[in-house]
Amino acid sequence: MARTPKPTFITELPLVASLAHDAVMMDRFEAARRLFNAVLGDGLKALDLMRESKAWGSAKAMPKGEPKSEVRNARNAAFKACNLHFGFTEYALQAVATGHKNTAGFGDRLGAHETQKIASRVFASLQEYAFGKRGRPRFKGKHRPLHSMEGKSNAAGPRWHADT
């Protein structure tokens with residue numbers, strides 16, 4: 001049963017912050033940029049290794065078949081097995097991102113939900129690249145940084161506390 005749409009709105013408010021709060025925000029965005037680049041690098045390596053494998057080549061050589069046919073199901077299963085073997089899944093990249101966050105010292109700047117959302121964002125861009133819908137994803141530089149950060153739900157996201 002489809003849900004009925006409810007009226008929604010978005011409002012933008014100017015952020016009035018002290019220099020200390022501005023420094024904290026810039027530090028968090030820098031940590032997110034560095035984490036994005038680390039996860040993107042690992043994702044590109046996994047995709048390249050997967051595309052070079054014999055399993056990928058044999059799955060690609062299989063006939064496409066009609067939708068919902070046995071041939072197509074076998075081909076999709078072969079690609080899925082290859083993705084799982086090389087860790088090219090959204091959850092595998094989220095685990096990689098969490099590992100980078102915990103070992104590289106981003107723990108106090110980024111939360112778990114922001115880390116997972118960064119990994120999901122990277123995976124979505126890598127998946128579009130893998131399917132040929134978009135070009136190769138680019139690393140974020142100092143002059144082309146992340147412009148936004150988000151959490152996994154409305155309740156999660158960058159939070160401000162009085163003591164930070």
query: Which numbered condition trips up Ser58, out of (1) among the polar types (S, T, N, Q); (2) closer than 19 Å to Glu30 by Cβ; (3) open to solvent by 40 Å² or more (accessible area, probe 1.4 Å); (4) part of a helix (DSSP H, G or I)?
result: (2)
Qualifying residue in region 107-127 (condition: without any contact (Cβ under 8 Å) to a residue 24 or more places away in the chain, more than 20 Å from Arg144 (Cβ to Cβ), part of a loop (DSSP other than H, G, I, E, B) and over 12 Å from the mean Cα position of the chain (by Cα)): yes
field: Residues located in region 100-126, provided they are closer than 25 Å to Asp22 by Cβ and either of a type in the set (Val, Ile, Thr) or open to solvent by less than 20 Å² (accessible area, probe 1.4 Å) (or both)
entry: Phe106, Leu110, Glu114, Thr115, Ile118
query: Of all residues in region 80-99 being open to solvent by less than 40 Å² (accessible area, probe 1.4 Å) and of a type in the set (A, V, I, L, M), which is farthest from Gly151 (Cα to Cα)?
result: Ala92
- request: Tally the residues that are in a helix (DSSP H, G or I) and surrounded by fewer than 12 Cβ atoms within 10 Å (Cβ to Cβ), restricting the search to region 63-72.
  value: 1
message: For a quick check of your reading of the model, give me the residue pairs whose first member lies in region 81-94 and is touching a residue at least 12 places away in the same chain (Cβ under 8 Å), whose second is aliphatic (A, V, I, L, M) and open to solvent by 40 Å² or more (accessible area, probe 1.4 Å), with beta-carbon atoms closer than 6 Å and at least 6 apart or on different chains.
response: Cys82/Ala55; Phe86/Leu49
- line: Those residues of region 1-48 that are open to solvent by 100 Å² or more (accessible area, probe 1.4 Å) and without any contact (Cβ under 8 Å) to a residue 60 or more places away in the chain come to a total of 17
query: Would a scan of region 95-106 turn up a residue that is under 18 Å from Phe131 (Cβ atoms) and not aliphatic (A, V, I, L, M)?
result: no
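The values are calculated or read from the model by the stated rules, or taken from the named source; none is laboratory data. Only a predicted model underlies this, so the values are computations on that prediction, with no experimental measurement involved. Glycine also receives a Cβ, built like all others from the backbone with ideal geometry; neighbour counts cover every protein chain displayed. Just the protein is used for accessible areas: all its heavy atoms, side chains included, with ligands, DNA and RNA removed. Shrake-Rupley method; radii C 1.70, N 1.55, O 1.52, S 1.80 Å.
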